[in-house]
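Just below is one structure, and these are the notes that go with it.
The values are calculated or read from the model by the stated rules, or taken from the named source; none is laboratory data. As the structure is a computational prediction, the values presented were derived from the model and not from experiment. Ideal geometry is used to build each Cβ from the backbone, glycine not excepted, and the neighbour counts take in all protein chains shown.
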Amino acid sequence: MEPIITVRGVGKTYSGGFTALRDVNLDIHKGEIFALLGPNGAGKTTLISIICGIVSPSCGSIAADGHDILSDYRAARAKIGLVPQEISTDAFESVLATVNFSRGLFGKAPNPVYIEQLLRQLSLWEKKDSRIVALSGGMKRRLMIAKALSHEPSILFLDEPTAGVDVELRKDMWDMVHQLRQSGVTIILTTHYIEEAEEMADRVGVINHGEVVLVEEKHTLMRRMGEKELTLHLPAPVERIPASLEDLPLSLVDGGNQLVYRFDINNSDTGIATLLHRLDKAGIEFRDLHTRESSLEEIFVDLVRDARVQQRDTVAPAAEGDAQ
């Protein structure tokens, strides 16, 4: 698939010595929804700010739709719309005036038909003459999206787009993002809401301590790293797992009322038939059972934890060598 954004060897070290990004390499495909996940301070916003030309990289190169963000800044920036985390608008401007002004900043000729269509799509047309200060928090968030789309960009960055909005508005925004993708816009979002990535993204990138830990198709990631749980509901609680079953990946939960068996979803031999046979021999009955697949959130937590362990193991020998 054709990349619309290419990031090569990008790093960022601030004047105080803090390194926010380390050798980031990333391709974002044209027309996809790409979710960038990571804990606070991982480098998500720094990477977006560099791609959008707000922050300068310390090293590396980035191209947006074929335009280098440094040597061809104006053309590259015209391809990009950015919805930042923080809502920052002139509170006493009207909705229509501020969106038209944003379009003009990119040298675009007035297009009342497009702006009306955009505001209607975002349920803002009825508020076009309202001052921004009078809008609700959700409406202000929609307005930020309208401003980002006012110059008809082919790439849209959404930095924590649903932070602080209610569930209903979040669902509306998910629908809007899918509609934008269908119209050909490439969408990159950062989020703390794992269900947001699970609901919307085609691919997922995980960034931690300024490094991209993994980039993967969402469904491939879940197949590759997920596991399933078989939960057996017992008719009466048991105190411990019988010694004859201790070699199996079993655990007791809910005060001994449930027995959980974990297995790899990619393994054709799940071992469930053997498990049930051995439970019968051990005299353990159950009244119900169900399976559950790992969520993207659980996979993400495991990835970040593994990355931290790997970094600790890498740093520790170096520190010992320095001490010697």
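General remarks:
- Scanning the range 147-184 for residues that are β-branched (Val, Ile, Thr) and either surrounded by fewer than 19 Cβ atoms within 10 Å (Cβ to Cβ) or more than 20 Å from Gly205 (Cα to Cα) (or both) yields Val165, Val167.
- Residue match in the range 61-77 (condition: within 27 Å of Asp175 (Cβ to Cβ) and out of contact with any helix residue (DSSP H, G or I) (no Cβ under 9 Å at 6 or more places or on another chain)): no
- Against the numbered list (1) in a helix (DSSP H, G or I); (2) in contact (Cβ under 8 Å) with a residue 60 or more places away in the chain; (3) more than 22 Å from Ile50 (Cα to Cα), Trp174 comes up short only at (2).
- Screening the range 11-106 for strands (runs of 3 or more DSSP E) wholly inside it with 2 or more residues that are in the same structural domain as Glu160 (by TED's automatic domain parsing) and free of Cβ contacts under 8 Å to residues at least 60 places away in the same chain returns the ranges 59-64.
- Restricting attention to the range 255-302, the residues that are acidic (Asp, Glu), at pLDDT below 85 and more than 25 Å from the chain's Cα centre (by Cα) add up to 1.
- The condition (being assigned by TED's automatic domain parsing to the domain that holds Ile48, assigned to a loop (DSSP other than H, G, I, E, B) and closer than 23 Å to Thr46 by Cα) is satisfied by just one residue among Pro110, Pro153: Pro153.
- So Asp202, is it over 20 Å from Ile4 (Cβ atoms) and of a type in the set (D, E, K, R): no
- Verdict on Asp159 being closer than 23 Å to Ile50 by Cβ and touching a residue at least 24 places away in the same chain (Cβ under 8 Å): yes
- Candidate set from the range 185-210 (those that are assigned to a helix (DSSP H, G or I) and either outside the structural domain of Lys30 (by TED's automatic domain parsing) or not charged (D, E, K, R) (or both)); member that is surrounded by the fewest Cβ atoms within 10 Å (Cβ to Cβ): Ile194
- Failed criterion for Pro57 (all others in (1) in contact with a strand residue (DSSP E or B) (Cβ under 7 Å, 6 or more places away or on another chain); (2) closer than 19 Å to Leu21 by Cβ; (3) at pLDDT below 95 hold): (3)
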